[in-house]
Amino acid sequence: RSCSFTGFSTVQSRKLAKSLSRSSVRSRMSLKPPKAYNSLQKGALIWDPKPLQVKKIFEALKKGLNEYLEAHQAELDYLSGRHKDTKRNSRLAFYYDLDKQIRSVERHIRKLEFHISKVEELYEAYCIQCRLRDGATNMKQAFSLSPSTKASRESLVELYKNVQECTEDMCFIEGALEVHLGEFHVKMKGLVGFARLCPGDQYEVFVRLGRQKWRLKGKIETDDSQTWDEEEKIFIPNLHEKFEIKVTELRGLATILVGVVTCDSVNFFTTKPQAIIVDITELGTIKLRLEVLW
């Protein structure tokens with residue numbers, strides 16, 4: 001492999017390296033600043049795009065948006081059918097009210113179509129930058145294995161810059177894509193534990209998604225019902241973080257850890273509320289019931 005790059009002139013190698021950075025998205029898009037992840041070394045900041053995770057979220061997001069689009073289109077078809085019937089047989093006020101509903105649904109459809117096209121545009125740009133970065137990385141590795149010449153050293157410098165620029169562009173696009181992920185409305189549905197849950201028991205549930213936190217306390221009543229100090233919380237989804245759920249039992253001043261679980265959010269991008277039942281203990285003797293609406 002080292003021999004194949006030794007014949008490049010300085011001009012050729014520079015052109016080849018520079019050509020990888022011509023698709024910089026930051027020069028064409030106004031994007032949200034990327035997330036910087038703390039490095040463990042000397043407190044430096046590093047860029048850390050995750051293409052596989054982004055692909056998984058993108059596919060789930062696009063599928064969910066298309067579900068909403070199909071639902072609105074079905075509603076529009078139904079209203080349009082009624083609109084034709086009522087034009088002849090109903091009161092004028094009812095006809096105009098129906099016409100207003102149709103216009104509202106049509107606006108929602110146009111917004112969804114724009115939303116889908118924007119998400120597809122961002123992901124396409126992301127894939128281009130990912131391929132450019134992979135190409136620059138492979139070229140950099142090949143040049144590093146070739147005999148050291150002035151041309152190869154200059155090319156390595158250019159390729160290193162290209163890798164950095166593509167990585168930064170990928171992170172900028174990830175930040176822009178996160179803006180289009182919507183909201184998760186999480187409802188507390190209670191604990192399920194059969195014999196493990198007794199009247200008077202008190203529990204604390206801690207739900208975290210990245211920096212977003214939800215801490216709520218509940219009590220098992222004498223009739224086996226449950227009361228919780230909060231019932232719903234809105235979370236803003238992101239590309240990299242999973243839900244982390246921690247349950248502790250409160251006994252006076254002491255707390256006893258019941259269990260900690262993580263839950264991926266990729267299945268929540270859908271039109272229907274998702275009922276979640278997670279095993280808090282290893283044996284599943286205590287479960288937590290939540291409902292997520294996107």
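The values are calculated or read from the model by the stated rules, or taken from the named source; none is laboratory data. Only a predicted model underlies this, so the values are computations on that prediction, with no experimental measurement involved. Heads up, the Cβs are rebuilt from the backbone with ideal geometry, glycines too, and the neighbour counts pull from every protein chain shown. Ligands, DNA and RNA are stripped out before the accessible areas are found, and what is left, the full protein with its side chains, is counted by its heavy atoms. Shrake-Rupley method; radii C 1.70, N 1.55, O 1.52, S 1.80 Å.
P(r) tail, region 119-195: Cα-Cα pairs separated by more than 15 Å, 67% of all pairs.
Here the gap between Arg110 and Leu52, fully extended at 0.36 nm per residue and compared with their Cα-Cα distance, gives a gain of 17.9 nm. The GluC sites (Glu not before Pro) of region 134-176 include none that meets both criteria, a DSSP state outside H, G, I, E and B (loop) and at most 16 other C-beta atoms within 10 angstrom of the site's C-beta. Computed extension length for Lys189-Gln73: 38.6 nm, one decimal, from 0.36 nm per residue of separation with the Cα-Cα distance subtracted. All alpha carbon pair distances within region 161-220 were sorted into 5 Å bins beginning at 0; the resulting P(r) in whole percents reads 4, 12, 15, 13, 11, 10, 9, 7, 7, 6, 4, 2, 0.
Over 20 Å apart at the Cα level, from the set Lys55/Lys213; Lys55/Lys242; Lys55/Lys118; Lys55/Lys161; Lys213/Lys272, are Lys55/Lys213; Lys55/Lys161; Lys213/Lys272.
Site pair Ser117 and Glu221 shows an inter-label distance of 5.3 nm when each label is modelled 7 Å from Cα along Cα→Cβ. For Lys217, give me every one of the aspartates and glutamates with a C-alpha distance below 16 angstrom, ignoring sequence neighbours fewer than eight places off in its own chain. Cα-Cα hits under 16 Å: Asp201, Glu204, Asp229, Glu230, Glu231, Glu232, Glu249.
Taking all Cα pairs closer than 8 Å and separated by 6 or more residues, the relative contact order of region 51-179 comes to 27 percent.
Scaled against the 2.2 N^0.38 Å expected of a compact globular protein of N residues, the Cα radius of gyration of region 184-293 reads 1.05. Shown here for region 208-294: GluC sites (Glu not before Pro) in loop regions (DSSP other than H, G, I, E, B) with at most 15 other Cβ atoms within 10 Å, namely Glu221, Glu230, Glu231, Glu282. For region 51-179, the Kirkwood hydrodynamic radius comes to 18.6 Å, computed from all pairs of different C-alpha atoms. The calculated FRET efficiency for the pair Glu291 and Tyr96, based on their C-beta separation and a Förster distance of 35 Å, comes to about 0.40.
Rolling a 1.4 angstrom probe over the protein heavy atoms with all chains in place gives region 124-193 an accessible area of 42 Å² per residue.
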